[in-house]
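The values are calculated or read from the model by the stated rules, or taken from the named source; none is laboratory data. It should be emphasised that the depicted structure is a prediction, and the values quoted were computed from it without experimental measurement. Neighbour counts run over all protein chains shown; Cβ positions are idealised from the backbone, glycine included.
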Amino acid sequence: MRSTSSILSCCLLLAACGHVEEMRSARLEQATEFNQRAQRAFQRGEYQSAATLYENALLLDVAIENVNGIAINTLNLARVNQVLGQNALAQRYLDSLLEDKSLQYPAAQLAAAAVQKSLLRLQENDATGATEWVEKSAAFCVRDCPLSGVIDNARASIALRTNDADKALYWSERAASENKNASPLEYANSLRLAASAKLLNSDPDAALRLSEEALVIDKTLGLPEKIRQDLLLSEQAHTKLGHAELAAQYRDRAARIAATAVK
(Lines give C-alpha, C1' and ligand atoms only; values in the text may rest on other atoms or scores of the structure.)
Protein backbone atom coordinates (compact mmCIF):
# COMPACT_ATOMS: atom_id res chain seq x y z
CA MET A 1 0.00 0.00 0.00
CA ARG A 2 2.42 1.41 -1.28
CA SER A 3 0.28 2.44 -1.87
CA THR A 4 -0.01 1.61 0.94
CA SER A 5 1.93 -0.52 -0.79
CA SER A 6 4.63 2.14 0.22
CA ILE A 7 6.83 1.67 3.31
CA LEU A 8 6.30 4.51 5.71
CA SER A 9 8.71 6.05 8.18
CA CYS A 10 7.79 6.52 11.83
CA CYS A 11 8.87 10.04 12.75
CA LEU A 12 6.52 11.08 15.54
CA LEU A 13 7.37 13.62 18.22
CA LEU A 14 6.03 13.31 21.74
CA ALA A 15 4.94 16.48 23.51
CA ALA A 16 6.42 16.84 26.98
CA CYS A 17 3.81 17.76 29.60
CA GLY A 18 4.22 21.31 30.82
CA HIS A 19 6.68 22.36 28.11
CA VAL A 20 6.09 24.23 24.88
CA GLU A 21 8.90 22.51 22.98
CA GLU A 22 8.52 18.91 21.86
CA MET A 23 10.88 16.14 22.83
CA ARG A 24 11.37 12.50 21.91
CA SER A 25 11.73 9.67 24.41
CA ALA A 26 14.72 7.36 24.08
CA ARG A 27 12.46 4.43 23.14
CA LEU A 28 10.71 6.46 20.45
CA GLU A 29 14.09 7.46 19.04
CA GLN A 30 15.12 3.81 18.98
CA ALA A 31 11.83 2.72 17.35
CA THR A 32 12.32 5.38 14.68
CA GLU A 33 15.87 4.19 14.06
CA PHE A 34 14.73 0.57 13.69
CA ASN A 35 11.99 1.69 11.30
CA GLN A 36 14.35 3.70 9.12
CA ARG A 37 16.88 0.87 8.99
CA ALA A 38 14.05 -1.48 8.02
CA GLN A 39 12.96 0.86 5.25
CA ARG A 40 16.47 0.94 3.81
CA ALA A 41 16.73 -2.86 4.02
CA PHE A 42 13.37 -3.23 2.24
CA GLN A 43 14.50 -0.90 -0.54
CA ARG A 44 17.65 -3.02 -0.99
CA GLY A 45 15.52 -6.14 -1.26
CA GLU A 46 16.70 -7.51 2.10
CA TYR A 47 13.21 -8.47 3.14
CA GLN A 48 13.96 -10.82 6.03
CA SER A 49 16.24 -8.23 7.63
CA ALA A 50 13.54 -5.61 7.10
CA ALA A 51 10.98 -7.84 8.82
CA THR A 52 13.22 -8.30 11.87
CA LEU A 53 13.86 -4.56 12.15
CA TYR A 54 10.16 -3.73 11.80
CA GLU A 55 9.41 -6.27 14.56
CA ASN A 56 11.93 -4.53 16.82
CA ALA A 57 10.32 -1.16 16.08
CA LEU A 58 6.83 -2.54 16.74
CA LEU A 59 7.82 -4.01 20.12
CA LEU A 60 9.11 -0.61 21.23
CA ASP A 61 6.00 1.16 19.94
CA VAL A 62 3.75 -1.27 21.83
CA ALA A 63 5.78 -0.76 25.01
CA ILE A 64 5.21 3.01 24.97
CA GLU A 65 1.73 2.81 23.37
CA ASN A 66 2.80 4.84 20.36
CA VAL A 67 -0.44 4.31 18.44
CA ASN A 68 0.75 5.78 15.15
CA GLY A 69 3.95 3.78 15.27
CA ILE A 70 2.08 0.57 16.07
CA ALA A 71 -0.12 1.06 13.00
CA ILE A 72 2.76 2.02 10.69
CA ASN A 73 5.04 -0.85 11.68
CA THR A 74 2.19 -3.38 11.66
CA LEU A 75 1.32 -2.30 8.11
CA ASN A 76 4.99 -2.54 7.16
CA LEU A 77 5.23 -6.05 8.62
CA ALA A 78 2.16 -7.10 6.65
CA ARG A 79 3.72 -5.71 3.49
CA VAL A 80 7.13 -7.31 3.93
CA ASN A 81 5.62 -10.69 4.82
CA GLN A 82 3.43 -10.49 1.73
CA VAL A 83 6.57 -9.93 -0.35
CA LEU A 84 8.17 -12.93 1.39
CA GLY A 85 5.16 -15.05 0.40
CA GLN A 86 3.96 -15.43 3.99
CA ASN A 87 0.41 -14.33 3.27
CA ALA A 88 -1.18 -15.92 6.34
CA LEU A 89 1.21 -14.02 8.63
CA ALA A 90 0.65 -10.82 6.65
CA GLN A 91 -3.10 -11.20 7.10
CA ARG A 92 -2.70 -11.74 10.84
CA TYR A 93 -0.84 -8.47 11.14
CA LEU A 94 -3.59 -6.66 9.24
CA ASP A 95 -6.30 -8.28 11.37
CA SER A 96 -4.50 -7.15 14.52
CA LEU A 97 -5.15 -3.56 13.40
CA LEU A 98 -8.59 -4.01 11.93
CA GLU A 99 -9.93 -5.99 14.91
CA ASP A 100 -8.22 -4.04 17.71
CA LYS A 101 -10.91 -2.86 20.15
CA SER A 102 -8.52 -1.25 22.64
CA LEU A 103 -6.70 1.34 20.56
CA GLN A 104 -8.16 3.79 18.06
CA TYR A 105 -6.18 4.19 14.85
CA PRO A 106 -6.57 7.00 12.31
CA ALA A 107 -9.05 6.20 9.54
CA ALA A 108 -6.34 6.46 6.87
CA GLN A 109 -4.35 3.69 8.57
CA LEU A 110 -7.40 1.46 8.79
CA ALA A 111 -8.07 2.19 5.11
CA ALA A 112 -4.49 1.15 4.32
CA ALA A 113 -4.93 -2.10 6.26
CA ALA A 114 -8.23 -2.87 4.51
CA VAL A 115 -6.92 -2.23 1.00
CA GLN A 116 -3.84 -4.32 1.73
CA LYS A 117 -6.10 -7.11 2.93
CA SER A 118 -8.10 -6.75 -0.29
CA LEU A 119 -4.95 -7.27 -2.35
CA LEU A 120 -4.01 -10.29 -0.22
CA ARG A 121 -7.43 -11.82 -0.86
CA LEU A 122 -6.97 -11.16 -4.57
CA GLN A 123 -3.56 -12.84 -4.45
CA GLU A 124 -5.39 -15.87 -3.02
CA ASN A 125 -7.82 -15.73 -5.99
CA ASP A 126 -10.69 -14.59 -3.78
CA ALA A 127 -12.17 -11.82 -5.91
CA THR A 128 -15.32 -11.67 -3.76
CA GLY A 129 -13.33 -11.19 -0.57
CA ALA A 130 -11.08 -8.67 -2.30
CA THR A 131 -14.11 -6.65 -3.36
CA GLU A 132 -15.54 -6.72 0.15
CA TRP A 133 -12.33 -5.41 1.67
CA VAL A 134 -11.67 -2.74 -0.94
CA GLU A 135 -15.13 -1.32 -0.25
CA LYS A 136 -14.42 -1.35 3.48
CA SER A 137 -11.23 0.54 2.72
CA ALA A 138 -13.20 3.11 0.74
CA ALA A 139 -15.57 3.52 3.70
CA PHE A 140 -12.60 4.34 5.96
CA CYS A 141 -11.10 6.64 3.32
CA VAL A 142 -13.21 9.75 3.72
CA ARG A 143 -12.08 13.30 4.45
CA ASP A 144 -8.65 14.24 2.99
CA CYS A 145 -7.77 10.56 2.55
CA PRO A 146 -4.47 10.09 0.65
CA LEU A 147 -5.32 6.54 -0.42
CA SER A 148 -8.01 7.14 -3.05
CA GLY A 149 -5.63 6.30 -5.89
CA VAL A 150 -4.42 3.16 -4.13
CA ILE A 151 -8.00 2.00 -3.59
CA ASP A 152 -8.94 2.61 -7.21
CA ASN A 153 -5.84 0.69 -8.33
CA ALA A 154 -7.05 -2.21 -6.18
CA ARG A 155 -10.49 -1.97 -7.80
CA ALA A 156 -8.84 -2.08 -11.24
CA SER A 157 -6.82 -5.14 -10.19
CA ILE A 158 -10.00 -6.93 -9.11
CA ALA A 159 -11.69 -6.08 -12.40
CA LEU A 160 -8.73 -7.46 -14.34
CA ARG A 161 -8.86 -10.68 -12.36
CA THR A 162 -12.50 -11.10 -13.41
CA ASN A 163 -11.63 -10.17 -17.03
CA ASP A 164 -13.79 -7.03 -16.95
CA ALA A 165 -11.65 -4.85 -19.21
CA ASP A 166 -14.02 -1.87 -19.29
CA LYS A 167 -14.30 -1.66 -15.51
CA ALA A 168 -10.54 -2.15 -15.13
CA LEU A 169 -9.90 0.70 -17.55
CA TYR A 170 -12.36 2.97 -15.75
CA TRP A 171 -10.78 2.43 -12.33
CA SER A 172 -7.19 2.52 -13.58
CA GLU A 173 -7.72 5.77 -15.47
CA ARG A 174 -9.39 7.32 -12.43
CA ALA A 175 -6.52 6.09 -10.28
CA ALA A 176 -3.97 7.52 -12.72
CA SER A 177 -5.62 10.93 -12.45
CA GLU A 178 -5.52 10.71 -8.63
CA ASN A 179 -1.96 9.42 -8.47
CA LYS A 180 -0.23 11.47 -11.16
CA ASN A 181 0.80 14.35 -8.94
CA ALA A 182 0.69 12.41 -5.67
CA SER A 183 2.71 9.20 -5.99
CA PRO A 184 4.99 8.17 -8.89
CA LEU A 185 4.89 4.57 -7.61
CA GLU A 186 1.09 4.37 -7.64
CA TYR A 187 0.88 6.33 -10.91
CA ALA A 188 3.09 3.71 -12.56
CA ASN A 189 0.87 1.00 -11.07
CA SER A 190 -2.15 2.76 -12.61
CA LEU A 191 -0.46 2.90 -16.01
CA ARG A 192 0.38 -0.79 -15.85
CA LEU A 193 -3.21 -1.69 -14.92
CA ALA A 194 -4.53 0.47 -17.76
CA ALA A 195 -2.11 -1.21 -20.17
CA SER A 196 -3.40 -4.62 -19.10
CA ALA A 197 -6.98 -3.43 -19.64
CA LYS A 198 -6.06 -2.15 -23.10
CA LEU A 199 -4.56 -5.53 -23.96
CA LEU A 200 -7.80 -7.22 -22.88
CA ASN A 201 -9.67 -4.79 -25.14
CA SER A 202 -7.38 -5.65 -28.08
CA ASP A 203 -5.71 -2.24 -28.19
CA PRO A 204 -1.99 -3.15 -28.13
CA ASP A 205 -0.82 0.26 -29.43
CA ALA A 206 -2.32 2.04 -26.42
CA ALA A 207 -1.07 -0.70 -24.08
CA LEU A 208 2.46 -0.26 -25.40
CA ARG A 209 2.41 3.50 -24.83
CA LEU A 210 1.21 3.02 -21.25
CA SER A 211 3.71 0.28 -20.41
CA GLU A 212 6.58 2.34 -21.82
CA GLU A 213 5.53 5.34 -19.72
CA ALA A 214 5.40 3.12 -16.63
CA LEU A 215 8.84 1.73 -17.49
CA VAL A 216 10.43 5.19 -17.46
CA ILE A 217 8.98 5.87 -14.00
CA ASP A 218 9.94 2.50 -12.55
CA LYS A 219 13.49 2.83 -13.84
CA THR A 220 13.72 6.23 -12.15
CA LEU A 221 12.44 4.67 -8.91
CA GLY A 222 14.82 1.72 -9.29
CA LEU A 223 12.21 -1.04 -8.83
CA PRO A 224 13.36 -4.27 -10.53
CA GLU A 225 10.11 -6.24 -10.20
CA LYS A 226 8.03 -3.34 -11.52
CA ILE A 227 10.49 -2.90 -14.42
CA ARG A 228 10.14 -6.61 -15.21
CA GLN A 229 6.34 -6.32 -15.25
CA ASP A 230 6.52 -3.30 -17.58
CA LEU A 231 8.79 -5.18 -19.97
CA LEU A 232 6.45 -8.18 -20.03
CA LEU A 233 3.49 -5.95 -20.81
CA SER A 234 5.44 -4.38 -23.68
CA GLU A 235 6.37 -7.87 -24.86
CA GLN A 236 2.68 -8.85 -24.93
CA ALA A 237 1.80 -5.70 -26.84
CA HIS A 238 4.53 -6.27 -29.43
CA THR A 239 3.40 -9.90 -29.80
CA LYS A 240 -0.17 -8.78 -30.53
CA LEU A 241 1.16 -6.22 -33.01
CA GLY A 242 3.10 -8.94 -34.83
CA HIS A 243 6.52 -7.57 -33.84
CA ALA A 244 8.11 -10.95 -33.08
CA GLU A 245 11.70 -9.70 -32.88
CA LEU A 246 10.87 -6.80 -30.57
CA ALA A 247 8.71 -9.07 -28.41
CA ALA A 248 11.64 -11.46 -28.03
CA GLN A 249 13.93 -8.59 -26.98
CA TYR A 250 11.53 -7.45 -24.26
CA ARG A 251 11.06 -11.04 -23.09
CA ASP A 252 14.83 -11.46 -22.83
CA ARG A 253 15.22 -8.20 -20.91
CA ALA A 254 12.56 -9.28 -18.42
CA ALA A 255 14.20 -12.69 -18.02
CA ARG A 256 17.56 -11.07 -17.21
CA ILE A 257 15.96 -9.05 -14.41
CA ALA A 258 14.23 -12.16 -13.05
CA ALA A 259 17.55 -14.02 -13.05
CA THR A 260 19.23 -11.33 -10.94
CA ALA A 261 16.35 -11.51 -8.43
CA VAL A 262 16.90 -15.27 -8.02
CA LYS A 263 20.52 -14.66 -7.13
Would you mind stating whether LEU210 is within 16 Å of ILE257 (Cβ to Cβ) and of a type outside the set (S, T, N, Q)? no
Determine, yes or no, whether ALA90 is within 17 Å of the chain's Cα centre (by Cα) and either within 29 Å of LYS219 (Cα to Cα) or surrounded by 22 or more Cβ atoms within 10 Å (Cβ to Cβ) (or both). yes
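Before we move on, is GLU173 modelled with pLDDT of 95 or more, under 18 Å from LEU221 (Cβ atoms) and either among the charged types (D, E, K, R) or in contact with a strand residue (DSSP E or B) (Cβ under 7 Å, 6 or more places away or on another chain) (or both)?
Numbers: modelled with pLDDT of 95 or more: yes; under 18 Å from LEU221 (Cβ atoms): no; either among the charged types (D, E, K, R) or in contact with a strand residue (DSSP E or B) (Cβ under 7 Å, 6 or more places away or on another chain) (or both): yes.
No, not satisfied.
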Are any of the residues in the stretch 141-157 crowded, with 16+ Cβ neighbours inside 10 Å and more than 17 Å from the chain's Cα centre (by Cα)? no
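Looking at the stretch 236-252, can you tell me whether even one residue there is within 29 Å of GLU135 (Cα to Cα) and either touching a Phe, Trp or Tyr at 6+ places or on another chain (Cβ under 8 Å) or of a type in the set (A, V, I, L, M, F, W, C) (or both)?
First pass over the stretch 236-252, keeping only residues within 29 Å of GLU135 (Cα to Cα): none.
No, the stretch 236-252 contains no residue that is within 29 Å of GLU135 (Cα to Cα) and either touching a Phe, Trp or Tyr at 6+ places or on another chain (Cβ under 8 Å) or of a type in the set (A, V, I, L, M, F, W, C) (or both).
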Taking interchain pairs and intrachain pairs at least six residues apart, which have beta carbon atoms under 7 angstrom, with the first residue in the stretch 238-251 and closer than 19 Å to LYS226 by Cα and the second assigned to a helix (DSSP H, G or I) and polar (S, T, N, Q)? ALA247/THR239; TYR250/SER234
So ARG121 passes all but one of these: (1) out of contact with any Leu (no Cβ under 9 Å at 6 or more places or on another chain); (2) part of a loop (DSSP other than H, G, I, E, B). Which condition number does it fail? (2)
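For the stretch 196-255, give me the residue count where each residue is outside any helix (DSSP H, G or I) and either among the charged types (D, E, K, R) or within 22 Å of the chain's Cα centre (by Cα) (or both).
Residues in the stretch 196-255 being outside any helix (DSSP H, G or I) and either among the charged types (D, E, K, R) or within 22 Å of the chain's Cα centre (by Cα) (or both): 3 in total.
Under 20 Å from ALA111 (Cβ atoms), free of Cβ contacts under 8 Å to residues at least 60 places away in the same chain, aliphatic (A, V, I, L, M) and not assigned by TED's automatic domain parsing to the domain that holds THR239, is that true of ALA195?
Values: under 20 Å from ALA111 (Cβ atoms): no; free of Cβ contacts under 8 Å to residues at least 60 places away in the same chain: yes; aliphatic (A, V, I, L, M): yes; not assigned by TED's automatic domain parsing to the domain that holds THR239: yes.
The answer is no for ALA195.
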Which one of these is touching a strand residue (DSSP E or B) at 6+ places or on another chain (Cβ under 7 Å), within 26 Å of PRO106 (Cβ to Cβ), in a helix (DSSP H, G or I) and not assigned by TED's automatic domain parsing to the domain that holds LEU233: VAL134, VAL150? VAL150
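Residue under question is ALA78, and the condition is that it be buried (at least 21 other Cβ atoms within 10 Å of the Cβ) and within 19 Å of GLN48 (Cα to Cα); does it hold?
On the way: buried (at least 21 other Cβ atoms within 10 Å of the Cβ): yes; within 19 Å of GLN48 (Cα to Cα): yes.
Yes: the conditions hold for ALA78.
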